[in-house]
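A quick write-up on the structure given underneath.
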């Protein structure tokens, strides 16, 4: 039963993440992102990380998405109009982003292999302790690179929302 729920929540998260990226209406993309964050929160609960699940809902679904929605509505963004000249640029940026992400993942795997680090110290002990101090210790020690990468991705998403809502001169 738990495996089935995990698979369903993972599929919902992936499906709605694809909707976020592909939908031309920015408001619907943000609403799809809310569903993605809630599905991820359920996955965190199943992985015995209720603190991270609560932070996922409070911080991301609560604060950051409200900020995104506020920026989109403040700029009066409508659905994206497909212009042929931006399609090529979008493809190039997507390929460069995918190559950069792949390079970072490969560098992290090489770093783990060369230093002998294999994952967290002991995730089961972290889940058993369950304190904010234990999560912060692992987050800012072992996973600092990933934590900073997430902050850069969120900043890029905000800049992307601003670029998508920019009005073309008539």
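Starting from residues that are in a helix (DSSP H, G or I) and out of contact with any helix residue (DSSP H, G or I) (no Cβ under 8 Å at 6 or more places or on another chain), keep the ones in segment 22-32 and report whichever is modelled with the lowest pLDDT.
Start the filter on segment 22-32 by keeping residues that are in a helix (DSSP H, G or I), which leaves 22, 26-32.
Pick out the ones that are also out of contact with any helix residue (DSSP H, G or I) (no Cβ under 8 Å at 6 or more places or on another chain) and you get 22, 31.
On the way: 22: 80, 31: 88.
The residue in question is 22.
Residues being at pLDDT 80 or above, outside any helix (DSSP H, G or I) and farther than 17 Å from residue 20 by Cα are represented in segment 49-66 by at least one member.
The residues of segment 45-79 that are surrounded by 19 or more Cβ atoms within 10 Å (Cβ to Cβ) and under 18 Å from residue 135 (Cα atoms), listed by number, are 49, 53, 56, 60. Scanning segment 99-118 for residues that are surrounded by 10 or more Cβ atoms within 10 Å (Cβ to Cβ), modelled with pLDDT under 70 and not in a loop (DSSP other than H, G, I, E, B) returns no hits.
The values are calculated or read from the model by the stated rules, or taken from the named source; none is laboratory data. Computed from a predicted structure; not experimentally measured. Ideal geometry is used to build each Cβ from the backbone, glycine not excepted, and the neighbour counts take in all protein chains shown.
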